[in-house]
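The values are calculated or read from the model by the stated rules, or taken from the named source; none is laboratory data. Values in this document were obtained by computation on a predicted structure and should not be read as measured data. Reconstructed Cβ throughout: ideal geometry from the backbone, glycine too, with neighbour counts over all protein chains shown. Accessible surface areas use protein heavy atoms only, side chains included; no ligands, DNA or RNA. Shrake-Rupley method; radii C 1.70, N 1.55, O 1.52, S 1.80 Å.
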Amino acid sequence: MANFSDKNESLSILGLNDFQVKESRDRHGPNILTPASKNPWWIDYLEKFEDPVIRILLVAAFIAIIAGFFHGDYIEGIGIIVAILLATALAYINEYKAEQELDALYKSDDKTPVRTMRNGALVLIPKCDLVVDDVIQLEAGETVPADAFVISQVSILVDQTTLTGEKDPVSKCSTGQGSIGTNDEHTLPADSVFMGTTVLDGHGVFKIFSVGDNTKTGKATKASDEDTEEVTPLKEQLVSLCKVIGVVGFLMASASFIAVLSCGYFKGDFSLTLPQFWFALAVLVSTMVGLSKVWVPWVYDGFEMLNINANVPSFIEAEGFAAWIKVISAGLLLLIASVFILIFKGYGIAEFLLPVEASSQILSAFMIAVTIIVVAVPEGLAMSVTLSLAYSMRRMTQANTLVRQMHACETIGAATVICSDKTGTLTTSKMELQNFVSVMLPNGLKENDLSSVFIAESVAANSTADLSRTEKGVETLGNPTESALLLWLEKAGPSFHYLNLRQQFQIESQLTFSTERKFMATFGRSSALNGTEVLYVKGAPEIILARCSTIGKSDGVFPKDEASAKDIENQLVSFQSRGMRTIGIAWRNGSLGSADLSTEAVGLTWMGFAVIDDPVRPEVPKAIRSCIDAGIEVKIITGDNTPTAREIGRQIGLDVNGPGATLTGSEFAAMNDEQALLAVKALKVLSRAQPLHKQRAVQLLQKQGEVVAVTGDGVNDGPALNYADVGLAMGITGTSVARAASDMVILDDSFGSIASGVMWGRSLYRNIQRFIVFQLTINVAALVIALLGPFIGVAIPLNVIQMLWVNLIMDTFAALALATEPADPSVMKDRPRGRGDFIITPEMSRSIFGWGIAFVVVLGGLLLWMKSKSESGEISPKNLTIFFCVFVMLQFWNIFNARRFGGFRSAFSGLLENPLFMIITVAILAGQIVIVQFGGTFFKTVPLSLEDWLLISACTSPVIFIGEIGRFLGRSKLS
């Protein structure tokens, strides 16, 4: 045990007052690490031009402008450039908003409360508000918030791995008690602790000497950027989906390009001489070389789909402007070389230059191919999902569930088992001592009674909790169970003031509580016994009673016999079976034989036990029922005793009477893996469990294919939180170690918030599915129409600029509209999805291809009808405008169907719950009207009459009415 300088001497320090705090902050700065400088906004914006589809569109714009030079019409080229600028600007804004959301969440650590002496009181201060010369308290599991000297400590062990790489914990000593400088063993001073390190054991009082950028952590890292962009399982699925769609789009675009040119050539629309043919081939090959960074990755994606191992060439994978210059230069050099070869062969320039008809045909075929690629490649899908995740993470935080790892958003919704702690999660953790059962105190605590003072001293000295007296009254700081004992002393009168009793007890060593030992011990000289050395022990009653050889009574100390032990056990069970917590207390006189208090805590004298009421949270039974209805098993894994845990399980609605429903940690540990694998399935309550038991239960459940969420709050819960599919740390009672190991932090410690997190996770997943259904339905319709158009006599039914507008509807607007749908309680009626389930379900496929084919039939039929009504065989600009409007309006109505995909509620219900959906749908409609009525030059449209608009709206509205009929029939079937 480390030597101890009385922790509570420091509590007499008044701490800084408000003026001193301001003065210190002005002089030394705030306790915040300055973020590393980020790229200027314009660099981030230019990165949007790295997108392959944007590169293709730039090439298309360049070719359109060159063609316009010969035809005297630059509108299409300029229109494409404007559309590119709009698309990249919106992509940048979306990404910026998503980063802002994530930055706000990941900076929550700055708000971690720290026990601090201020204005003469012990209060909780946010980490970022600490200043130099603040006096703070830290205990096991907490992260050091700033660089500080050790004023006093008890058995402090610190993990300094983050700063020094030392694998073993390091002991610390108070200033003046050990080496102040570095020593041979360790690289950091023994009397100091440093920001970012973690207290693994013990507790102490510290005085801050450096904050923020002036700490060792601040100087070492300079707050380097933290990469918060995490590749989640969902995003991996979507990347694979994008690859498939990209390959299909590229193949269809290539086939369309070849087919259009072949049809034109064989129909006699243009003809080429031999040198013109070779020049046209050289232009095409040179263009392909110049664009190789766009299409070659799709080729290799195709190889990957065919399980052909091939590595993408390094010059293709290379990023940056220089890499593009290389491949474009290679294309230009190839074209120049081809021209020189033709000239060398004796052909004049006029002989191999392409005629206008051929140039127009090739340009038209290229534009059709570009249109197909723009339609097919869902380039905004990954960013849209990130935006959805960021939005949901913020909303989950508002619902008391702070998401630390992005994958947890989706995984919590797939949870099939939740392993929950009891205290504070299922119960209120507002503990109140109901009784203290001791034959030493037949009439409770009394003034001037030696037994009363003796027991009160054992409670005050053998504790790490504190009480804070503020204007609001007395507030508890630290372990809720210990705090309940201190409040008991507080109410007993001034003679039993815990701080006076603690200061009068000369502590020499202390063994802090651990879930493995299930007890705490403190050794020192007792003021109540006139300086006699005494060892106080408290913890699980059955553990403490087993270590006792005698029992204290009001008239002396007597040997523990079987009858007296049985009587105590019966008393304990009578309270535990009513859901009460019980804490045993004992002592032993005399000096220690060794420094190890865990082995010295034997031959004790039983003092009695405290009975503490910790009622079930009122919202928990309903939340448990919600999880069970959702197909999620709930298991209690607690360090508490079996009768208490069983009763709490019964109160919250678990079936604790079934075969194998309850086990103790020791029984579970005694089983081999085969036995435990069977037992863990039926288990409802695991009592007197240790962290390794929790970890083992998690791993066994995962072996059975379960998706496991587990709660934890202690230092030793880290492994279980790491092994779980979703680790849930407690925000109030949880240690910094537990929070660091977790995926999510339950800010109010309530199981109700866990159930709410499941609902949000499932709703998030469904919202993303809705977005995919909407987007891929447009993809199917637009892709097939763009491909069929040339074969039914309409070269480009929707031009590139119009398709960019459709892309904005698909990617940006739809993502915002559907991702911001509030959580739907009905998702808790569904069964959990499988661990490896692909995001596109059979139901989604039916919707995508069903509506997509229906739209193709309507749109294809409309084109054929328009063509048949034209005397010249060419569709008029007005009719093409109507076709464009019909296409967009079909998607406009379908976004309402997508909003209710997966359920049977009316698409018009709850519209006010999502104002952004209404704003976006109105923006889509208004944007379409503005484009048609005023954007004719760029979008190649002509203004339509009110009658036309009403007719288009009426003819496309059956999309929503058919959807409503389907949902009505679904509701009727359910009822």
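Tabulated data for the structure shown
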item: Where residue 500 falls short, out of the listed (1) touching a residue at least 60 places away in the same chain (Cβ under 8 Å); (2) part of a helix (DSSP H, G or I); (3) within 30 Å of residue 468 (Cβ to Cβ); result: (1)
item: The range 512-537: number of residues that are of a type in the set (Asp, Glu) and either open to solvent by less than 10 Å² (accessible area, probe 1.4 Å) or under 13 Å from residue 590 (Cβ atoms) (or both); result: 1
item: Where a residue in the range 257-271 is at negative phi and part of a loop (DSSP other than H, G, I, E, B) and its partner, wherever it lies, is open to solvent by less than 80 Å² (accessible area, probe 1.4 Å) and not small (Gly, Ala, Ser), with Cβ under 7 Å and at least six apart; result: 269/361; 270/355; 270/361
item: Which listed residue, of 635, 622, is touching a helix residue (DSSP H, G or I) at 6+ places or on another chain (Cβ under 9 Å), more than 15 Å from residue 684 (Cβ to Cβ) and in contact (Cβ under 8 Å) with a residue 60 or more places away in the chain; result: 622
item: Residue list for the range 772-796, filter: open to solvent by 10 Å² or more (accessible area, probe 1.4 Å), at pLDDT below 85, over 24 Å from residue 90 (Cβ atoms) and in a helix (DSSP H, G or I); result: 787, 788, 790, 791, 792
item: Within the range 593-605, tally of residues that are touching a strand residue (DSSP E or B) at 6+ places or on another chain (Cβ under 9 Å) and open to solvent by 10 Å² or more (accessible area, probe 1.4 Å); result: 7
item: Subset tally (residues that are hydrophobic (A, V, I, L, M, F, W, C) and touching a Phe, Trp or Tyr at 6+ places or on another chain (Cβ under 8 Å)) for the range 147-175; result: 6
item: Any pair with Cβ under 6 angstrom, 6 or more apart, that starts in the range 825-839 at a residue that is more than 15 Å from residue 758 (Cα to Cα) and modelled with pLDDT under 90 and ends at one that is part of a helix (DSSP H, G or I) and not aromatic (Phe, Trp, Tyr); result: 839/237
item: Spans of helices (runs of 4 or more DSSP H) in the range 797-895 with at least 3 residues touching a helix residue (DSSP H, G or I) at 6+ places or on another chain (Cβ under 7 Å) and under 25 Å from residue 412 (Cβ atoms); result: 814-819
item: Strands (runs of 3 or more DSSP E) wholly inside the range 402-486 that include at least 2 residues being surrounded by fewer than 19 Cβ atoms within 10 Å (Cβ to Cβ) and of a type outside the set (Phe, Trp, Tyr); result: 432-437, 466-470, 473-477
item: Count of the range 148-166 residues which are under 13 Å from residue 216 (Cα atoms), buried (at least 24 other Cβ atoms within 10 Å of the Cβ) and touching a Gly at 6+ places or on another chain (Cβ under 9 Å); result: 0
item: Only listed residue being open to solvent by less than 10 Å² (accessible area, probe 1.4 Å) and within 23 Å of residue 801 (Cβ to Cβ), chosen from 960, 924, 931; result: 924
item: Strands (runs of 3 or more DSSP E) completely within the range 633-737 that count 1 or more residues being charged (D, E, K, R); result: 633-637
item: Condition check for residue 800: modelled with pLDDT under 80, under 25 Å from residue 56 (Cβ atoms), open to solvent by less than 20 Å² (accessible area, probe 1.4 Å) and over 28 Å from the mean Cα position of the chain (by Cα); result: yes
item: Output for the range 323-352, where each listed residue is assigned to a helix (DSSP H, G or I), out of contact with any Leu (no Cβ under 9 Å at 6 or more places or on another chain) and open to solvent by 80 Å² or more (accessible area, probe 1.4 Å); result: 326, 332, 333, 336, 340, 341, 344, 350
item: Residue satisfying condition, being open to solvent by 30 Å² or more (accessible area, probe 1.4 Å), in contact with a Lys or Arg (Cβ under 7 Å, 6 or more places away or on another chain) and either hydroxyl-bearing (Ser, Thr, Tyr) or at pLDDT below 95 (or both), within set 904, 908; result: 904
item: Meets criteria (touching a Gly at 6+ places or on another chain (Cβ under 7 Å), among the acidic types (Asp, Glu) and touching a residue at least 24 places away in the same chain (Cβ under 8 Å)) for residue 647; result: yes
item: Selected residue [at pLDDT below 90 and either over 30 Å from residue 419 (Cα atoms) or not polar (S, T, N, Q) (or both)] from 639, 552, 603, 584; result: 639
item: Selected residue [under 19 Å from residue 407 (Cβ atoms), of a type in the set (A, V, I, L, M), under 18 Å from the mean Cα position of the chain (by Cα) and surrounded by fewer than 24 Cβ atoms within 10 Å (Cβ to Cβ)] from 729, 741; result: 741
item: The listed residue being open to solvent by 50 Å² or more (accessible area, probe 1.4 Å), more than 20 Å from residue 255 (Cα to Cα) and in a helix (DSSP H, G or I), out of 357, 319; result: 357
item: Qualifying residue in the range 246-263 (condition: modelled with pLDDT under 80, more than 38 Å from the chain's Cα centre (by Cα) and either open to solvent by 20 Å² or more (accessible area, probe 1.4 Å) or not acidic (Asp, Glu) (or both)); result: yes
item: From 475, 457, residue being modelled with pLDDT of 90 or more, acidic (Asp, Glu) and over 29 Å from the mean Cα position of the chain (by Cα); result: 457
item: Qualifying positions in the range 433-462 - free of Cβ contacts under 8 Å to residues at least 24 places away in the same chain and among the acidic types (Asp, Glu); result: 449
item: Matching entry among 182, 187, 197 (being β-branched (Val, Ile, Thr) and either modelled with pLDDT of 85 or more or under 27 Å from residue 15 (Cβ atoms) (or both)); result: 197
item: When residues of the range 824-854 are limited to those that are more than 14 Å from residue 778 (Cα to Cα) and among the β-branched types (Val, Ile, Thr), the one surrounded by the most Cβ atoms within 10 Å (Cβ to Cβ); result: 827
